[in-house]
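> Got a structure for you, questions after.
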Amino acid sequence: MNLRYLYTSFEGRINRKPFWIASLILFVIAIVISFAVLMPISAGNATMGALAGLIVSLAFLYPGAALGVKRLHDRGKSGLLMAVFIAPGLISQLCDLLGITGSYQTIAGQSIHMPNTLGWVLNLVTLVVAIWALVTLGFLKGTSGANSYGPDPLVGEAQEAVPG
């Protein structure tokens, strides 16, 4: 499995197995960064924590989009659909940072973001789109055989598994 190709290229197709492995690697790295960097920053200043969270999200945007585009290609769909999958989360984070979708309140000495009505609606839209993306990218099988984005990645795996 070529991680450089998975995280940097928007060309070709990948099946679910490399998608899940590469996604899990990104997820673990994001969790480590969250605990090591974002939590201490957020504890000191909630606004700086929100800004740092947005920066980390933007850093993971390119490799995540590269994975998603290749999975969409495997399903015979345009990679532009990734913009629909990504936009609500980024908009939500930016609106949180700007204070449009809620405010920070101190409860028991902790600064907690409390969404307003717009924040709840945007969070719900983000959740629905995230579930749609999860099903589309992670669970649905790709098209069988070659499509306009390249050969079927499962055909290559099947030929490698057959001793010859």
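> Of all the accessible heavy-atom surface of region 44-99, with the other protein chains kept in place and a 1.4 Å probe, what percent is carbon and sulfur?
Carbon and sulfur: 73 percent of the exposed surface of region 44-99.
> So if I restrict to the alpha-carbon atoms in region 82-152, what is the Rg, and what is Dmax, the biggest pairwise distance, in Å?
For region 82-152, the Cα-based Rg and Dmax read 17.8, 58 Å.
> Specify the residue with the greatest mean-square fluctuation among A133, A108, A46, computed from a Gaussian network of the chain linking alpha-carbon atoms under 10 Å apart.
Highest fluctuation among the options: A108.
> Using the Cα centre as the reference, give the magnitude of the dipole from point charges on the C-beta atoms of the chain (Lys, Arg: +1; Asp, Glu: -1; all else neutral), rounded to the nearest 20 debye.
That gives a dipole near 200 debye.
> Taking a probe of 1.4 Å, how large is the accessible area per residue of region 44-110, in Å²? The partial results should precede the final answer.
Numbers: 3200 Å² over 67 residues.
With the other protein chains kept in place, region 44-110 gives 48 Å² per residue.
> Still on this structure: Please name whichever of S111, F27, A46 sits farthest to the positive end of the charge dipole of the chain, dipole taken about the Cα centre and charges placed at Cβ: Lys and Arg +1, Asp and Glu -1.
The listed residue farthest towards the positive side: F27.
> Which residues' amide hydrogens lie under 5 Å from the amide hydrogen of S9, considering only partners 5 or more residues apart or on another chain, with H built in the peptide plane?
none
> Same structure again: At 7 Å along the Cα-to-beta-carbon direction for both V155 and T136, put a label point, then send me their distance in nm to one decimal.
Once both label points are built, they end up 2.5 nm from each other.
> Explain nothing, just the number: relative contact order of region 15-120, from Cα pairs under 8 Å at least 6 residues apart, as a whole percent.
21
The values are calculated or read from the model by the stated rules, or taken from the named source; none is laboratory data. The model shown is predicted, which means the values in this text are computed figures rather than measured ones. When we count neighbours, we look across all protein chains shown, and the Cβ atoms used for this are built from the backbone with ideal geometry, even at glycine. With ligands, DNA and RNA removed, areas are computed over all heavy atoms of the protein, side chains included. Shrake-Rupley method; radii C 1.70, N 1.55, O 1.52, S 1.80 Å.
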